[in-house]
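Q: Attaching a single structure in structure tokens format; questions to follow.
The values are calculated or read from the model by the stated rules, or taken from the named source; none is laboratory data. All of these numbers come straight from a predicted model, not from anything done at the bench. Methodologically, a virtual Cβ is constructed for each residue, glycine included, from the backbone with ideal geometry; neighbour enumeration extends over all protein chains shown. When the accessible area is computed, the model is the full protein with side chains, heavy atoms only, and any ligands, DNA or RNA have been set aside. Shrake-Rupley method; radii C 1.70, N 1.55, O 1.52, S 1.80 Å.
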Amino acid sequence: MYIQRWLAGPAKQAAREFPAVLVTGPRQAGKTTFLQNEFPDAAYVTFDDPAVRQLATVDPVAFLNQFGSRTVILDEVQYVPTLFSYLKMRIDQDRRRSGAWLMTGSQQFGMMRDIADSLAGRIAILEILPFHTGEIFDMAWSIEDCLWRGGYPEIVLNPSIRDRWLPSYVQTYLERDVRQVLSIQDLTLFQTFLGLTAARHAQELNLAALSRQCGVSQPTARRWLSVLTASIILFPLPPYARNLGKRLVKSPKVYFLDPALAAYLTRQPDPASLFAGAMGGAFFEGFIVAETHKILVSRGFSENLSFWRSHDGLEIDLIIEQDGVVYPVEIKKTSTPTALHAGGLRRFTELHGGSIQMGTPRVVCTAVQKQLLPGGVEAMPWQEFLTWAGKR
């Protein structure tokens, strides 16, 4: 079963404009399925096959010649970085031929550097992430269901395999990505680090505390975090960058992209306990932030998201900047929003309202219907907010 992805439009547009298109993303996000279904007439090869990989490495000219004028999908292209320079020569022989080379890549570490060196100006780079609610949402799903299932296609299409699939995913990630990139001998220590990071889901990054608790140096912890970010397991949300005389925090907040993976790593026992427990608020915030990120990325946008906190501790969980408009969003796990939940929004509006074009401040919550709070703040059910975000 193939579920239509929002990235289909941007990908087809890119294939009309560029000779090559690269679709990146985390493992098992559906990159190969996406390209094969959206470009059904393309030839397909995967570099997961050792024989194919060897041919492309030993005789790249013969490898490329076999496709003639056909469009081809080159799957897991990060395994043959030497091929990029030959692709450049092939593209330059006929720059008018668009969409000839469609590629996927899971590991962004060295691959981005190789592409920048070889295919700059010749390739469009898109990112496909696990499903977001706009692609899969069933109105019967509760917020607990959304957090527990996450967005990885295998679990979405077959929820019964969740408890078997997630451990396998983590082990494959450790063995194939982490060991290869970092040359770590003690994967158990890195897995401990992964779990400790998940326990800080939706919190500001305190590198010193994280490294101390894990028993590694800060440079090591920073390097490991960069691998988690590059492999799109987590993403950092930077502080709001405008300097209007207030001392803002420098460290980012760290979010796991998929709530089911974070739930597994923090040993949540079931959906109800997850949402009602000590980390329920963090998971709800993380879900809204990650969904907004995924929605914008799936539309091919260069998203501009951040958070804001003043020196006296007032905070806004999410700042969305788009088309010159700033949308401040506070995220609260409550079905009864009040004026107290909008304090940070009102303060942000007081400080910045005269210098920027600001959209309606919003409190995203679990209420069943929209309501107006004092100061022009709108409290919005989370489902309605994500629908609104999908139309930005």
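Q: Put a dot 7 Å past each Cα toward the Cβ at SER69 and GLN171; how far apart are the dots in nm?
A: 4.9 nm
Q: Another one. Taking θ as phi - 60°, what are the ³J(HN,Hα) couplings along the stretch 155-166 by the Karplus curve (6.51, -1.76, 1.60), each to the nearest whole Hz, with x for Gly and Pro?
A: With coefficients 6.51, -1.76 and 1.60, one gets 6, 4, 7, 8, x, 5, 8, 3, 6, 9, 6, 5 Hz.
Q: Applying a 10 Å radius around every beta-carbon, put 53-59, 334-340 in order of their mean neighbour count, most first.
A: Numbers: 53-59: 15.1, 334-340: 13.3.
Averaged packing, sorted descending, gives the order 53-59, 334-340.
Q: With only Lys, Arg, Asp and Glu charged, each at its Cβ (+1 for the first two, -1 for the last two), find how big the charge dipole of the stretch 37-174 is about the Cα centre; round to the nearest 20 debye. Mind dumping the intermediate values first?
A: Values: 12 positive and 18 negative charges, 114 e Å.
The dipole magnitude comes to about 540 debye.
Q: Right, next: Picking from VAL21, LEU102, SER251, whose Cα lies most toward the positive end of the charge dipole for the chain (charges on Cβ: Lys, Arg +1; Asp, Glu -1)?
A: Sorting the options by dipole projection puts first SER251.
Q: Can you run phi through the Karplus equation (6.51, -1.76, 1.60; θ = phi - 60°) for the stretch 61-76 and list ³J(HN,Hα) in whole Hz, with x for Gly and Pro?
A: 5, 5, 4, 6, 4, 5, 8, x, 9, 6, 6, 9, 9, 9, 8, 6
Q: To two decimal places, what compactness ratio does the stretch 66-170 give when its Cα radius of gyration is scaled by 2.2 N^0.38 Å?
A: On the way: Rg = 18.7 Å, N = 105, 2.2 N^0.38 = 12.9 Å.
Output field value: 1.45.
Q: With +1 on each Lys and Arg Cβ and -1 on each Asp and Glu Cβ, and nothing else charged, work out how big the dipole of the stretch 277-392 is about its Cα centre, in Debye to the nearest 20.
A: On the way: 11 positive and 12 negative charges, 45 e Å.
In debye, rounded to 20, the stretch 277-392 gives about 220.
Q: In square angstrom, rounded to the nearest 10, how much accessible surface does LYS12 have for a 1.4 Å probe?
A: Looks like 80 Å² after rounding.
Q: Then there's this: Around LEU22, which amide H atoms from residues at least 5 apart in sequence, or from another chain, sit under 5 Å from its own amide H, with H modelled in the peptide plane?
A: Residues meeting the amide H criterion: MET103, ALA124, ILE125, LEU126.
Q: Right, another one. Considering only the chain, what is the antiparallel percent among its DSSP beta bridges, to the nearest 5? Before the final figure, lay out each step's value.
A: Numbers: 18 of 45 bridges.
Antiparallel bridges: around 40 percent, rounded to the nearest 5.
Q: Run the dipole for the chain about the Cα centre, Lys and Arg Cβ at +1, Asp and Glu Cβ at -1, nothing else charged, and hand back the magnitude in debye, nearest 20.
A: Working: 40 positive and 37 negative charges, 158 e Å.
Approximately 760 debye in magnitude.
Q: Moving on. So, in nm, how far is label ASN304 from label ASN37 when the simple model puts each one 7 Å beyond its Cα toward the Cβ?
A: With each label placed 7 Å out from Cα toward Cβ, I get 3.3 nm.
Q: Students often get this wrong: which residues of the stretch 179-216 have the backbone nitrogen under 18 Å from the point 7 angstrom along Cα-to-C-beta of ARG267?
A: Flagged as within label range: 188-201, 213-215.
Q: When all protein chains stay in place, what accessible area (Å², nearest 10, 1.4 Å probe) is found for VAL329?
A: 0 Å²
Q: Also, quick follow-up: Can you tell which of GLN268, ASN65, ALA51 lies farthest toward the positive end of the dipole of the chain, using +1 and -1 charges on the Cβ of basic and acidic side chains (Lys, Arg; Asp, Glu)?
A: Comparing the listed Cα positions along the dipole, ASN65 ranks first.
Q: Enter the accessible area per residue of the chain (Å², integer; probe 1.4 Å; all protein chains in place). List each step's numbers first, then the result.
A: Numbers: 16880 Å² over 392 residues.
Dividing the accessible area of the chain by its residue count gives 43 Å².
Q: What order do you get for 313-321, 209-217, 351-359 when each peptide is scored by the mean count of other beta carbon atoms within 10 Å, highest first?
A: Working: 313-321: 18.8, 209-217: 15.7, 351-359: 13.9.
The packing order, highest mean first, is 313-321, 209-217, 351-359.
Q: What's the carbon and sulfur percent of the chain's accessible surface, probe 1.4 angstrom, rounded to a whole number? Display every interim value, and only then the final one.
A: Values: 8310 of 16880 Å².
About 49 percent, which is the carbon plus sulfur part of the accessible surface.
Q: So what's the chain giving for Cα Rg divided by 2.2 N^0.38 Å, two decimals?
A: Its radius of gyration relative to the 2.2 N^0.38 Å reference: 1.04.
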